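The values are calculated or read from the model by the stated rules, or taken from the named source; none is laboratory data. In this text the structure is predicted, and so the values were computed from the model without any measurement. Counting neighbours? That spans all protein chains shown, and the Cβs are built from the backbone with ideal geometry, glycine included. Only protein heavy atoms, including side chains, enter the accessible area calculation; ligands, DNA and RNA are left aside. Shrake-Rupley method; radii C 1.70, N 1.55, O 1.52, S 1.80 Å.
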Amino acid sequence: MATLPATSVGARAKYEPVIGLEVHVQLLTDTKIFCSCSAKFGADPNTHVCPVCLGLPGALPVLNKKAVEFATLAAMALNCRINETSIFARKNYFYPDLPKGYQISQYDKPLAEHGFIDIKINGGSKKIGITRLHMEEDAGKSLHDGFPDAATRTGIDLNRAGTPLAEIVSEPDLSSADEAYEYLTRLREIILYTGVSDCNMEEGSLRCDANVSVRPRGQKELGTKTEIKNVNSFRFIREALEYEIDRQIEVIESGGKITQETRLYNANEGKTFGMRSKEQAHDYRYFPEPDLLPLVVDAKWQAEIRSKLPELPEIRRARMVADYGITEYDAGVLTASKSLADQFESAAKAAKNSKRVANLVQGELMGRLKAKNLEIEQSPISMHGVAASADLVESGTISGKMLKDFYDLCFERGKDFPAIYEEEGRPQQSTDTSGIEKIIDELIAANPKQVEQYRAGKTTVIGFFVGQVMKASKGQANPKMVNDLLVGKLKG
Ligand SMILES: [Zn+2]
């Protein structure tokens with residue numbers, strides 16, 4: 001839990017935070033950006049390496065076409081303008097996990113610029129500018145634990161060196177930790193829809209740095225910013241920003257000055273800490289990469305890539321509200337991932353009543369998943385199973401109560417609805433009128449007061465009778481039939 005400095009609400013209200021985010025996403029290519037080594041995560045250290053990604057003298061980079069297509073697709077999904085010609089540049093710095101002594105990135109001529117994401121905040125919508133999206137290679141990894149002499153040595157794993165990244169830089173348009181959180185959530189969702197990255201934060205395929213400053217409200221000039229680096233979850237980024245905003249206000253309010261520096265977030269303490277200053281003085285001495293030609297993504301290639309752009313989540317939600325008559329909230333849940341939305345739509349289209357499918361997913365499936373701490377992808381009941389069950393309720397073959405029981409069984413036994421329904425012998429709700437009529441007659445005899453109320457015009461009392469009949473039939477009766485029979489008999 002973050003322990004925030006005791007900045008008073010009054011002091012906080014006087015200042016406006018200004019936040020910009022730099023997000024790195026790893027592109028899901030099979031091979032690295034400048035060589036044919038596998039880019040797969042999780043192999044034994046230094047098994048996915050070659051002279052190019054080891055930075056051996058004389059080895060030349062060859063650009064991965066798929067990486068260009070993925071980065072371009074991501075840029076298009078983020079409403080960026082694609083620069084037909086972009087230039088790779090060397091970013092020079094010394095670090096043990098960077099064998100070449102420079103990283104190949106893009107500098108003054110990036111692949112794409114001038115994009116935006118719309119975020120929802122406080123019931124409204126806000127446009128957050130995207131300054132640029134550029135391509136670069138990742139560095140290797142320093143390993144500080146997990147091997148025999150880790151106490152005295154640091155290991156270097158260069159499997160990650162040369163894996164392709166897209167760096168997405170936002171404008172400083174975000175003005176709260178919540179907005180930053182929302183931006184990251186939307187950004188991740190969009191990238192996931194394009195399929196160019198798995199955005200898995202635990203495996204480092206999505207990383208985020210935040211630039212943050214505060215200024216008195218109404219002031220044009222920006223305050224001095226700090227950069228928070230290497231935070232590994234959206235929740236921690238929000239906490240780190242909340243802490244850092246309050247810290248800066250506190251410093252300014254007590255007459256101090258903010259030092260421009262890089263800070264790290266300690267999630268255990270809920271605080272940010274400045275890095276030692278000698279770690280931060282950077283002069284990258286960028287210059288164009290002489291071993292690579294300018295990258296040209298011409299109009300024809302751009303059109304080819306654009307044709308692969310999927311329907312994006314925001315647009316899809318709006319369409320699903322219109323197509324299936326579902327609420328915006330439902331649409332939001334059902335479009336949480338592209339695969340879920342795809343599964344839902346194919347099931348809903350195949351079912352008799354798509355709204356019922358949506359309601360069952362929302363009302364019966366999601367709650368059970370949550371109770372078992374399962375993701376939708378791990379659901380024992382497939383969207384096809386939901387559609388099959390919805391059709392059985394729709395046709396009156398099973399009751400809503402029976403459906404709930406079947407769903408419980410599905411979760412107990414880890415099987416899909418059609419399999420469970422088969423196992424249970426394809427039961428149907430009772431349409432045996434004589435049995436139900438007998439129950440109704442008994443109820444009417446036993447509850448003269450309610451019968452009198454009904455006959456005096458208080459027709460809502462029928463709900464009491466329906467409930468009693470359903471209970472007596474153990475949920476097997478068809479509610480519509482029960483209702484019809486009751487109306488007939490209560491009229492007397
Ligand atoms: Zn390689």
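Please quote Rg/Rh for the stretch 396-470 to two decimal places, taking the Kirkwood radius as Rh and restricting both calculations to Cα atoms. All intermediate terms of the calculation are to be shown ahead of the outcome.
Values: Rg = 17.1 Å, Rh = 14.7 Å.
Computed over Cα atoms, the ratio is 1.16.
Enumerate the whole-percent occupancy of each 10 Å bin, from 0 to the last occupied one, for all C-alpha pair distances of the chain.
Percent of pairs per bin, in order: 4, 15, 20, 20, 16, 10, 8, 5, 2, 0.
How much net charge surrounds PHE70 when only other residues with a Cβ under 15 Å from its Cβ are counted (Lys, Arg +1; Asp, Glu -1)? Before the final figure, lay out the partial values.
Values: positive: LYS32, LYS65, LYS66, ARG306, LYS308; negative: ASP30, GLU69, GLU136, GLU137, ASP138, GLU167, ASP198, GLU304.
Overall, the nearby charge balance is -3.
Over the alpha carbons of the stretch 84-212, what is the largest minus smallest coordinate on each principal axis, giving the biggest first in Å?
Here the spans come out as 55, 35, 30 Å, largest first.
Can you give the Rg to Rh ratio of the stretch 5-86, both from alpha-carbon atoms, with Rh computed by the Kirkwood formula? Kindly include the intermediate steps, with their values, before the conclusion.
On the way: Rg = 20.6 Å, Rh = 16.8 Å.
In the stretch 5-86, Rg relative to Rh is 1.23.
For ASP118, tell me the accessible area in Å² from a 1.4 Å probe, rounded to the nearest 10.
Counting only protein heavy atoms, the figure is 60 Å².
Which order do you get for LEU360, LEU490, LEU192 if you rank them by accessible area with a 1.4 Å probe, largest at the top?
Details: LEU360 20, LEU490 0, LEU192 60 Å².
Sorted descending by solvent-accessible area, the residues read LEU192, LEU360, LEU490.
Just order 237-247, 177-187 by mean Cβ neighbour count inside 10 Å, highest at the front, would you? Show your work: numbers first, answer last.
Values: 237-247: 23.0, 177-187: 21.0.
Output ranking for 237-247, 177-187: 237-247, 177-187.
Report, in degrees rounded to the nearest 10, the 0 to 90 angle that the Cα long axis of helix 462-472 makes with the longest principal axis of the chain.
90
Would you mind getting the accessible area per residue of the chain, heavy atoms of the protein chains only, 1.4 Å probe, in Å²? Intermediate values should be presented prior to the final figure.
Details: 24650 Å² over 492 residues.
The answer is 50 Å² per residue.
In terms of modelled amide H atoms, which long-range or inter-chain residues lie less than 5 Å from the amide H of GLN106?
ALA89, MET135
Once amide H atoms are placed 1.01 Å from N in the peptide plane, what residues at a sequence separation of 5 or more from ILE121, or on another chain, have their amide H within under 5 Å of its amide H?
Sorted by chain and number, the residues that satisfy this are LYS126.
ASP97's amide H: which non-local residues (gap 5+, or another chain) put their own amide H closer than 5 Å, with H modeled 1.01 Å from N in plane and none for Pro or chain starts?
For ASP97, no residues qualify.
With the cut-off at 1.5 for a/c, could you classify the stretch 257-391 from its C-alpha gyration tensor as rounded, prolate or oblate?
Working: a/c = 3.39, a/b = 1.64, b/c = 2.07.
It is oblate, given that a/c is not under 1.5 and a/b is not larger than b/c.
Can you pull the percent of the chain's accessible area that's carbon plus sulfur, 1.4 Å probe, other chains left in place? Before the final figure, lay out the partial values.
Working: 12810 of 24650 Å².
Whole-percent figure for carbon plus sulfur exposure: 52.
Tell me the mean residue ellipticity at 222 nm calculated for the chain from its helices only (DSSP H runs of n ≥ 4, each -39500 (n - 2.57), averaged over every residue, nearest 500). Let's see the in-between values first.
Numbers: 17 runs with 188 residues, N = 492.
Here the helix-only value at 222 nm equals -11500 deg cm²/dmol.
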